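Here, each number is a calculation from the coordinates, and none is a lab measurement. Worth saying up front: this structure is predicted, and the values here are computed from it rather than measured. Cβ placement follows ideal geometry from the backbone for every residue including glycine, while neighbour counts extend to all protein chains displayed.
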Amino acid sequence: MTRKFDHLVLCVRDLERARQVYGAIGFTLTPRALHPFGTCNSLVQLQGNFLELLSIADPGLIAKAAAGQFNFAAYNEAFLKKREGFSMLVFASSDAAADAVEFKNSGLEAHEVFHFARQATLPDGSQAEVKFSLAFVTEPSMPEAAFFTCQQHAPQHFWRPEFQRHANRARRITEVVMSAARPGDHKDFFERLMGARAESLPSGFRIGGEGERLTMLDPAALAARFPEIPRGGAGDTPRFEAYAIEVADLSATRALLESRGIAFRAAADTLVLPPTAAFGVAIELRTPA
């Protein structure tokens, strides 16, 4: 069974500014939350998956590297020193410990499971504790991309209908797009990571179903699909470039963006926001498949 998306980690230097921009795009955001290891976030909850806007709140709380452990905060701090953008892809999990074992048995570079809790602000202003267990995977050939599974231990406090209603009619993440100079070199890694066979394309590959898949393209194919992504952004090193979100009514979404002066490119059944308007990542809003 192909692993399902849980969320995307989107690194921004100014969380409040990112919250303002994503709000203008038509997303409802959760209140700012603090992690005990120096980062802070605000979320866009969708139907079954979500976006995580992440920034550094207190560099002094970021722990030093330890053998066998993946340092989430340090990784994203280093990412932000290079650029803003899409730094990590996260898959849903019911058992992070089992995922870590499976990753190791598949020959992937797996790390110790990480457990943490934080306070969440509910729509009525009250506080509740949410807990998570994370199983990380890294790949030396992908220094600008990392992956993990996320097991939630208190989902009743996390998922809230009030946060899942969006003015832009957003429903869920349906695709993640990456670039690489030679996508075929990385197909085996993603097959082991996601537990499914990839479909080869003339310019890359895709893995997962029509409603939720990962696509990796070479620079020429990426430029053809997303001309708004700077050519210099797609180099030899694999990196996340864009994500797609299904919206319930694309014409209503377009009217909202136009009324708020949000830059986009209209294509067949899609509206594409350029990386310059979305903190280093292109956003494709599309009609249901």
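What full-extension length gain, to one decimal in nm, is calculated for ASP95 and GLN127 as 0.36 nm per residue of separation minus the Cα-Cα distance?
9.0 nm
For the range 74-146, what is the charge dipole size about the Cα centre, in debye to the nearest 20, if Lys and Arg each add +1 at the Cβ and Asp and Glu each add -1 at the Cβ?
Computed about the Cα centre, the dipole is about 220 debye.
Each residue of the range 211-228 in turn: what ³J(HN,Hα) in whole Hz from Karplus with 6.51, -1.76, 1.60 and θ = phi - 60°, glycine and Pro shown as x?
Per residue, the Karplus-derived 3J(HN,Hα) values read x, 6, 8, 10, 10, 10, 10, 7, x, 5, 5, 5, 5, 5, 7, 10, x, 6 Hz.
Could you pull out the trypsin sites (Lys or Arg not before Pro) across the range 53-90 that fall in loop regions by DSSP (anything but H, G, I, E, B) with no more than 14 other Cβ atoms inside 10 Å?
Qualifying residues, ordered by number: LYS64.
With the crude spin-label approximation of a point 7 Å out along Cα→Cβ, what separation in nm comes out for SER259 versus GLN156?
Each label point is offset 7 Å from its Cα along the Cβ direction, giving 3.8 nm.
Which of the following values of Cα extents along the principal axes in Å was calculated from the structure shown: (i) 62, 52, 37; (ii) 53, 45, 38; (iii) 49, 48, 35?
The calculated read-out lines up with (iii).
Antiparallel DSSP bridges in the range 5-163: what percent, to the nearest 5?
75 percent
Under a Cβ-Cβ cut-off of 15 Å, what is the net charge of the residues other than PRO219 that fall near it, where Lys and Arg count +1 and Asp and Glu count -1?
-2
Quickly estimate the mean residue ellipticity at 222 nm for the chain, helices only: each DSSP H run with n ≥ 4 gives -39500 (n - 2.57), and the total goes over all residues, rounded to 500.
-6000 deg cm²/dmol
Counting only residues 5 or more places away or on other chains, whose amide H sits under 5 Å from the amide H of THR28 once H atoms are built in the peptide plane?
Excluding prolines and chain starts, which carry no amide H, the hits are ALA167.
Please give me the summed charge of the neighbours of GLY280: other residues whose Cβ is under 11 Å from its Cβ, Lys and Arg +1, Asp and Glu -1.
+2
What is the set of long-range amide H partners of ARG171 at a cut-off below 5 Å, with H atoms built 1.01 Å from backbone N?
Here GLU246, VAL247, ALA248 satisfy the definition.
Using DSSP to call loops (not H, G, I, E or B), can you name the chymotrypsin sites (Phe, Trp or Tyr not before Pro) in the range 109-143 whose Cβ has at most 14 other Cβ atoms within 10 angstrom?
For chymotrypsin sites (Phe, Trp or Tyr not before Pro) across the range 109-143 that sit outside H, G, I, E and B with at most 14 neighbouring Cβ atoms in 10 Å, the list is empty.
At a Förster distance of 22 Å, what's the computed FRET efficiency of GLU109 paired with ARG197, Cβ-Cβ distance as r, to 0.05?
0.55
Okay, which of the range 100-134 sit inside 17 Å, backbone N to the point 7 Å along the Cα-Cβ direction of ARG165?
122-125
Rounded to the nearest 5, what is the percent of antiparallel bridges among the DSSP beta bridges in the chain?
70 percent
Where the only charges are on Cβ atoms (+1 Lys, Arg; -1 Asp, Glu), what is the dipole of the chain about its Cα centre, to the nearest 20 debye?
So the magnitude is around 440 debye.
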